[in-house]
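The block underneath contains the structure these notes are about, expressed in structure tokens.
The values are calculated or read from the model by the stated rules, or taken from the named source; none is laboratory data. Nothing here was measured: the structure is a model prediction, and the numbers come from that model. Cβ sites come from the backbone with ideal geometry, for glycine too, and all protein chains shown count toward neighbours. Calculation scope for accessible area: heavy atoms of the full protein, side chains included, ligands and nucleic acids excluded. Shrake-Rupley method; radii C 1.70, N 1.55, O 1.52, S 1.80 Å.
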Amino acid sequence: MRLDKPDTQGRFAQFGGQFAPETLMPALEELETEFTKAWADPGFHDELNSLLRDFVGRPTPVYRAARLSAQYGIELYLKREDLAHTGAHKINNTIGQALLTKRMGKPRVIAETGAGQHGVATATACALLGQECVVYMGEKDIERQALNVHRMRMLGTEVRPVTSGAGTLKDAVSAAMRDWVASVDGTHYIIGSVVGPHPFPWMVRELQKVIGEELETQMDGSAPERPQPDVIVACVGGGSNAMGIFYPYAGSDVDLVGVEAAGYGLESGQHGASLVAGSPGVIHGSMTYLLQDDQGQILEAHSISAGLDYPGVGPEHAYFKDTGLVRYASVTDEEALEAVYLLASTEGIIPALESAHGLAWIIKEAPSLQGKVVVLNLSGRGDKDVELIVEQS
Amino acid sequence: MSEPLTELFSRCREEGRAALLPYMTAGLPTPEESLTLFAAMAEAGADGFEVGIPYADPLMDGPVIQAAGERALSAGSGVEVSLDVLREVVGSTGKPTVVMTYVNPVLRMGIEAFADRVAAAGGSGIIIADLPVDEAEVFAAAFRKRDIGLVLFVAPTTTDVRLERVLAAKPPFVYGIADLGVTGARTAASTHIAALVERVRRHSDVPVVAGVGISTPEQAHAAACVADGVIVGTALVREVMGATDAASAAEALRLAVGGFAAAMQRD
């Protein structure tokens, strides 16, 4: 059963919770109180909704991919989060949290970023609201997502390279948390996904569920061109775009499919598929599925897509997996790359490598999806990946 | 057993000084040579130890201990080696020793099994950096059954309500976080620790051990004047990371720990 809110311990059944250093606990309590208050305040929603409409460009359209539909014998629709301002769904969350930061009277914001989309979205919200912003980014990701680094700097944000570990998203989250332990009095940490200690997974889901709520109105079955979905597909790294589109449908008879990064292949051990191939444990403050060895050391993930290159996943996804509310699958780097070219050349849309994982799964599974109405959450656009993709091909 | 810890703190109170509890990552410079470092610190005046299990993603640790953990892991250390080191340290120095870890390795082995292993190795207590009192109950119960104390933290940000919850859980000592931020050297002495100890004292007589950001004998002395114990980690780990071999690391530690030990006597 879908839960409106995690329990008083911040848990979705056994997942979630608050495995955080004591120094941060009072800030997490304050955050829960302040978000609960803001979320019950029509004034907060008015302010958020008018920014989502006029600044972000919501609602994002639903587009019927006619040529791909004909080619594969499915009714394929794209929820166009790539058309949201800054090019991905990440902005839904950062505008909300930046407004909350203002309410809490904190002048400074920190964030982590993998692909750079959350970093850009945070930098954008902070520029809009006049907040100081520091973004932590792994040095490997700085290299492979150079365009987004430039964008963040133009927006007035300081990008701090993280050299520990593999220099990817996990290390950026850890570095941001370390900053927060030192700066918690005047700083809010805008976490970029449905991960971290409670209340983050719940709060970020609440801010992202606008995606699924819009889809419910846009595809309500009231006309032949707006059929109700049979299947909804989204990529899962930390899992915020998937949570955003799944949550309103969780428990309905719509088939929900989360697609993780299989990297070089699950059997290679080099992937980011924590739900499909991981086991329960604690990462970044939360009980969830993660990639770990037999002594409980967290393993490095691998994915061609920086946004899916993460050894953990949001705890509510772990709950969805165990309760069967959502099923999870994975596709490889190579399959995702092919899907980028397919969407670009067939529909005139260059998707982010992350979102391409969802499309790759649909193509692979097309024989079992014949005649079905399939919605892909096209969570981001691919401009940031062009250089990398050209190098790989 | 937690009794050696209790005895240590009451003896130090009688002697008008604080207990020096150095932290060292287990398995440095190699698993085989790890014990020599603890032995050197014991000779130089350490009263007990924190044996650190190296961890791949240590959220509460600064760059020095992060790097030490990475090096220890690549030298073959980990949970198993750390528990061996714990047993050797307790066996050969006889000093009260606590394990320092993050929560995931404990969960991976299973809380009960982990508590068994710490008890079998002679550990007096356990510190879990990412385990606040809110999540602690199931862990505390398992360790309590084996007479091992689960240490809880109090930070400068801890509210009164939270402080009362920490004290109600009856930790063997309270880890007083002397400064905001992760482990690592600070140039200025903490202004928090005296206030923090005073807040605890208003409610309880439980020993308070100061740690985080204490890296010079002067800073340690200031903490020793108010707290029951002092944890020094980064300053010592740095000596080991900078040494060319185990012998010179032990020598550097002897010198450094001697300096900290002399700073434990109150004015």
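Which of the following residues is crowded, with 24+ Cβ neighbours inside 10 Å, away from chain B (no Cβ under 14 Å) and not aliphatic (A, V, I, L, M): A:265, A:196, A:258? First the steps, then the outcome.
Values: A:265 fails: crowded, with 24+ Cβ neighbours inside 10 Å; A:196 fails: away from chain B (no Cβ under 14 Å).
When all the criteria are applied, what remains is A:258.
Looking at the range A:348-364 only, could you name the residues that are part of a helix (DSSP H, G or I) and surrounded by fewer than 19 Cβ atoms within 10 Å (Cβ to Cβ)?
The initial filter retains those residues of the range A:348-364 that are part of a helix (DSSP H, G or I), namely A:353-364.
Scanning the range A:348-364 gives a single hit, A:364.
Looking at A:149, A:135, A:120 in this structure, which one is touching an Asp or Glu at 6+ places or on another chain (Cβ under 8 Å) and open to solvent by less than 10 Å² (accessible area, probe 1.4 Å)? Quick ask: steps written out before the conclusion?
Details: A:149 fails: touching an Asp or Glu at 6+ places or on another chain (Cβ under 8 Å); A:120 fails: touching an Asp or Glu at 6+ places or on another chain (Cβ under 8 Å).
Residue meeting the stated conditions: A:135.
Across the range A:10-37, what is the number of residues that are closer than 15 Å to residue A:183 by Cβ and more than 12 Å from every other protein chain (Cβ to nearest Cβ)?
Total satisfying the criteria: 1.
When only residues in the range B:142-164 that are assigned to a strand (DSSP E or B) and of a type outside the set (A, V, I, L, M) count, which is surrounded by the fewest Cβ atoms within 10 Å (Cβ to Cβ)? Lay out the reasoning, then the answer.
From the range B:142-164, those assigned to a strand (DSSP E or B) are B:149-154; that's our starting set.
Keeping just the survivors that are of a type outside the set (A, V, I, L, M) gives B:149, B:153.
Values: B:149: 23, B:153: 25.
If we take residues in the range B:142-164 being assigned to a strand (DSSP E or B) and of a type outside the set (A, V, I, L, M), then B:149 is surrounded by the fewest Cβ atoms within 10 Å (Cβ to Cβ).
Filter the range A:295-323 down to the residues that are away from chain B (no Cβ under 14 Å), open to solvent by less than 10 Å² (accessible area, probe 1.4 Å) and touching a His at 6+ places or on another chain (Cβ under 8 Å) and list them by number.
Once the filter is applied, which keeps residues that are away from chain B (no Cβ under 14 Å), open to solvent by less than 10 Å² (accessible area, probe 1.4 Å) and touching a His at 6+ places or on another chain (Cβ under 8 Å), the range A:295-323 yields A:303, A:305, A:308, A:309.
Residue check, residue A:141 against (1) within 18 Å of residue A:190 (Cα to Cα); (2) modelled with pLDDT under 95; (3) part of a helix (DSSP H, G or I), all met but one. Which one?
Checking residue A:141 against (1) within 18 Å of residue A:190 (Cα to Cα); (2) modelled with pLDDT under 95; (3) part of a helix (DSSP H, G or I), the one that fails is (1).
Taking the conditions exactly as written (over 21 Å from residue A:24 (Cβ atoms), touching a helix residue (DSSP H, G or I) at 6+ places or on another chain (Cβ under 7 Å) and of a type in the set (A, V, I, L, M, F, W, C)), does residue A:152 satisfy them or not?
Numbers: over 21 Å from residue A:24 (Cβ atoms): yes; touching a helix residue (DSSP H, G or I) at 6+ places or on another chain (Cβ under 7 Å): yes; of a type in the set (A, V, I, L, M, F, W, C): yes.
So residue A:152 fits the description; yes.
Identify all residues within the range A:281-294 that are more than 8 Å from every other protein chain (Cβ to nearest Cβ) and surrounded by fewer than 24 Cβ atoms within 10 Å (Cβ to Cβ); write none if there are none.
A:293
Could you grab me the full set of residues in the range A:365-393 that are open to solvent by 10 Å² or more (accessible area, probe 1.4 Å), closer than 20 Å to residue A:348 by Cβ and in contact with an Asp or Glu (Cβ under 8 Å, 6 or more places away or on another chain)?
Scanning the range A:365-393 gives a single hit, A:381.
Does residue B:21 count as modelled with pLDDT under 95 and not in a helix (DSSP H, G or I)? Spell out how you get there, then give the answer.
Numbers: modelled with pLDDT under 95: no; not in a helix (DSSP H, G or I): yes.
Considered against the rule, which asks whether it is modelled with pLDDT under 95 and not in a helix (DSSP H, G or I), residue B:21 comes out as no.
Looking only at the range B:145-190, count every residue that is touching a helix residue (DSSP H, G or I) at 6+ places or on another chain (Cβ under 7 Å), free of Cβ contacts under 8 Å to residues at least 12 places away in the same chain and away from chain A (no Cβ under 13 Å) and tell me the total.
0
Pick out, from the range A:1-114, the strands (runs of 3 or more DSSP E) lying fully within it that include 2 or more residues that are open to solvent by 40 Å² or more (accessible area, probe 1.4 Å) and in contact (Cβ under 8 Å) with a residue 40 or more places away in the chain. Walk me through how you get there before you give the answer.
Details: elements: A:62-64, A:75-80, A:108-113.
Answer list for the range A:1-114: A:62-64.
Restricting attention to the range A:249-271, report how many residues are at positive phi and touching a residue at least 60 places away in the same chain (Cβ under 8 Å). Break it down stepwise before answering.
Taking the range A:249-271 first, the residues at positive phi are A:251, A:263, A:265, A:269.
Then drop every residue that is not touching a residue at least 60 places away in the same chain (Cβ under 8 Å), which leaves A:251, A:263, A:265.
Qualifying residue count, the range A:249-271: 3.
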